[in-house]
Amino acid sequence: MRTKIFAHRGASGKYPENTMTAFKQAEKEGADGIELDVHLTRDRIPIVIHDETVDRTTDGYGFVKDYSIEGLKKLSAGHWKGWKFRNAQIPTLEEVLQWMSQTSLTLLVEFKNNILPYKGLEHKTIDLLRKYNMLERTIFSSFNHESLLKVKQIYNGAETAALYGKPMASAAHYATSMGLDGLHPSYRIVNEKLVHELHANNIKIRPYTVNSPQVMEVLFDWQIDGIITDYPQRANEVLNRM
Ligand code: G3P
Ligand code: CA
């Protein structure tokens, strides 16, 4: 099976991360899926941004959780990446789904609830996915593994994958005992033995954030299920010449 390419925060290498511009570019570059990060606004709307604060990726400052949707929409989410992107806004998850449901892309949603808790984040996200008929082509991920258990409780058919950055003693056993469908480790801690161990246990593996063509080649050679990359076009080029 061909390795799937997930565009990390969209085609975020060259375009402003987690914006419609970056997501649409990822589709043009042949990504199979799009990874994005979700928080809740003060008025409890699922919103797509990476950090807990707006400081790094917008012209505003402060915590996402303290902004209303109206306030967030006034910020530029693209200016920091270049003047030509100055009109890019922070998208709501619903805006992304309105567009994505018209494509054949897979959604890789990451709940950003490992630093701040967002009560109801899983429920609200699943409700939106159901509304746009996207539940069947969504993978739920988080560094907060309890949150993934909650996802399965809400929607038993959910595909879940745990994010982690440090090696685990028995990754396959952990995934199986947690009822996870996949693991998304940092590429730095992936080796061929881990890939075999997970596949033998029917667990998918999709490392993040793979931007080097050399690392891509090695992972593709190991028949990895997917990679999460800022450069989907680069990943496709590497895959196509193998
Ligand atoms: O989905 C993998 C990756 O997005 C996890 O790290 O910090 O980029 O959200 P981060
Ligand atoms: Ca992420």
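Just a few scattered comments:
- Note on the stretch 36-61: among residues that are closer than 20 Å to residue 85 by Cα and among the charged types (D, E, K, R), the one that is farthest from ligand 2 (Cβ to nearest atom) is 59.
- Considered as a group, the residues in the stretch 187-242 that are within 16 Å of ligand 2 (Cβ to nearest atom) and polar (S, T, N, Q) include one that is nearest to residue 176 (Cα to Cα), and that residue is 209.
- Those residues of the stretch 126-148 which are within 16 Å of ligand 1 (Cβ to nearest atom) and part of a helix (DSSP H, G or I), in sequence order: 145, 147, 148
- Against the criterion of being more than 15 Å from the chain's Cα centre (by Cα) and within 13 Å of ligand 1 (Cβ to nearest atom), residue 56 qualifies.
- Residue match in the stretch 144-157 (condition: under 15 Å from the mean Cα position of the chain (by Cα) and more than 16 Å from ligand 2 (Cβ to nearest atom)): no
- For the stretch 156-168, the condition of being closer than 21 Å to residue 202 by Cα, modelled with pLDDT of 95 or more, more than 16 Å from ligand 1 (Cβ to nearest atom) and of a type in the set (S, T, N, Q) holds for at least one residue.
- Filtered residues of the stretch 83-124 (kept if charged (D, E, K, R) and more than 16 Å from ligand 1 (Cβ to nearest atom)): 84, 86, 94, 95, 119, 122, 124
- Test result for residue 113, assigned to a loop (DSSP other than H, G, I, E, B) and buried (at least 18 other Cβ atoms within 10 Å of the Cβ): yes
- Entry remark, the stretch 110-136: residues being within 16 Å of ligand 2 (Cβ to nearest atom), farther than 23 Å from residue 207 by Cβ and polar (S, T, N, Q) number 1 in total.
The values are calculated or read from the model by the stated rules, or taken from the named source; none is laboratory data. Just so we're clear, the structure is a prediction, and the values are computed from it rather than from any experiment. Glycine gets a Cβ as well: all are built from the backbone with ideal geometry, and neighbour counts include every protein chain shown.
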